[in-house]
1. All but one of (1) under 19 Å from the mean Cα position of the chain (by Cα); (2) closer than 26 Å to ASP145 by Cα hold for PRO222; which doesn't?
2. In this structure, is ALA164 under 29 Å from ARG260 (Cα atoms), assigned by TED's automatic domain parsing to the domain that holds TRP39 and within 17 Å of the chain's Cα centre (by Cα)?
3. Could you list, in sequence order, all residues of segment 151-164 that are crowded, with 22+ Cβ neighbours inside 10 Å and acidic (Asp, Glu)?
4. So which of SER115, SER129 is within 10 Å of the ligand (Cβ to nearest atom) and in a strand (DSSP E or B)?
5. When the residues of segment 256-299 are filtered to those that are touching a Ser or Thr at 6+ places or on another chain (Cβ under 8 Å) and among the basic types (Lys, Arg), which remaining residue is most open to solvent (accessible area, probe 1.4 Å)?
6. Just give me the residues in segment 175-190 being open to solvent by 10 Å² or more (accessible area, probe 1.4 Å) and within 14 Å of the chain's Cα centre (by Cα), in sequence order.
7. Out of all the residues in segment 123-150, which are within 20 Å of ARG99 (Cα to Cα) and either open to solvent by less than 20 Å² (accessible area, probe 1.4 Å) or touching a strand residue (DSSP E or B) at 6+ places or on another chain (Cβ under 8 Å) (or both)?
Amino acid sequence: MPLRQPALQAHDAGTAPALSAAVRMDAPRTAPPTPHPAWGARELWLRLAPVLPGIGVEVLAEVDSTNSELLARARHGRRAADLAPCLLVAEHQRAGRGRLGRPWRTLPGGALTFSLALPMAPRGWGGLSLAVGTALADALDPPDDGAPSRIGIKWPNDLWLLDARGGGRKLGGVLIETSGAVVPRWVVVGVGINVLPRQVDATEFSTGYGCLREIDPHATAPAALATVVEPLARALRLFEADGLAPFAARFAARDLLRGRTVTTSGAEGATGVADGIDEDGALSLRCADGLRRVSSGEVSVRLAGERATPAGSAC
Ligand code: BTN
């Protein structure tokens, strides 16, 4: 598995949060926390710049949410077309967010949390999270003829760590948000992947999640980022040019739901057997009353027999 941390970069420099020029007398005189140097920000930039010219790379020790931060910058900024792409990595998110307004909580060092933002103008947006999930899974778990995949994709935005019995546990998730009404739009692709066994709080230890250490005992967040970041950037450019089609076969090979009975949430909740996706990334569901098409908007799916989401958690 290509998850080990490459040698430390001589020029590594995470960008610390900007210090205010005026020092307030009532403010504590402590420097903001700085990120660990192991992220190899310069090396990340060298990999990304040929794919996303003009990109900036920032590593923060902590932030509320990398997605929120990059969305806010766009709001205060210019048109998406005039904004430079940005990779924002956080060692800790104080208020990480998942899909459907759920919180996404991790402990410092326990997960890889980052967002990649860029202007995009694809012909359609359907299936972008599946293209992203496929790129991430292929990078972390390269397809190997003969060996079963370790990472599956649970429509529409989850990575799952698979076990030999056909079951699995959530490994990570993708949160894609856009801003701006005109094309190109500013797209923020947020990725959270558990690296260490996930601790729900100081006392409760959850076995309901998977983590990269189960695939590679030496996995670290910086090494995982170095593994996924360039394939992710290339996938976004490929999706923009050609849509979901180039990812369809690779997604199908990791489609966790196909052939399983699932239930959708939302007002029009339905139960049926998952039957792959269409060209827009919508889930096809064979229900008693015929084939239904489920688009990802406000819907999530649950496998029959899957436990309900733990309160206050996104997973
Ligand atoms: C989900 O499982 O519902 C999606 C989880 C996405 C979490 C990532 S962590 C980096 C980025 N910033 C956030 O606040 N959320 C995404």
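The values are calculated or read from the model by the stated rules, or taken from the named source; none is laboratory data. All values derive from a computational prediction rather than experimental measurement. Quick reminder, even Gly has a Cβ in these numbers, built from the backbone with ideal geometry, and neighbours come from all protein chains shown. Ligands, DNA and RNA are excluded from the accessible area calculation, which covers all protein heavy atoms including side chains. Shrake-Rupley method; radii C 1.70, N 1.55, O 1.52, S 1.80 Å.
1. Unmet for PRO222, out of (1) under 19 Å from the mean Cα position of the chain (by Cα); (2) closer than 26 Å to ASP145 by Cα: (2).
2. Answer is no for this residue.
3. Hit for segment 151-164 is ASP158, nothing else.
4. Just one listed residue meets the conditions, SER115.
5. ARG293
6. LEU175, ILE176, GLU177
7. Across segment 123-150, the qualifying residues are TRP125, GLY127, LEU128, SER129, LEU130, ALA131, VAL132, GLY133, THR134, ALA135, LEU136, ALA137.
This table checks each residue for (1) of a type in the set (Phe, Trp, Tyr); (2) modelled with pLDDT of 95 or more; (3) farther than 25 Å from SER295 by Cα; (4) loosely packed, with under 15 Cβ neighbours inside 10 Å.
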position	(1), (2), (3), (4)
HIS218	no, yes, yes, yes
GLU230	no, yes, yes, no
LEU238	no, yes, no, no
ALA248	no, yes, no, no
PHE251	yes, yes, no, no
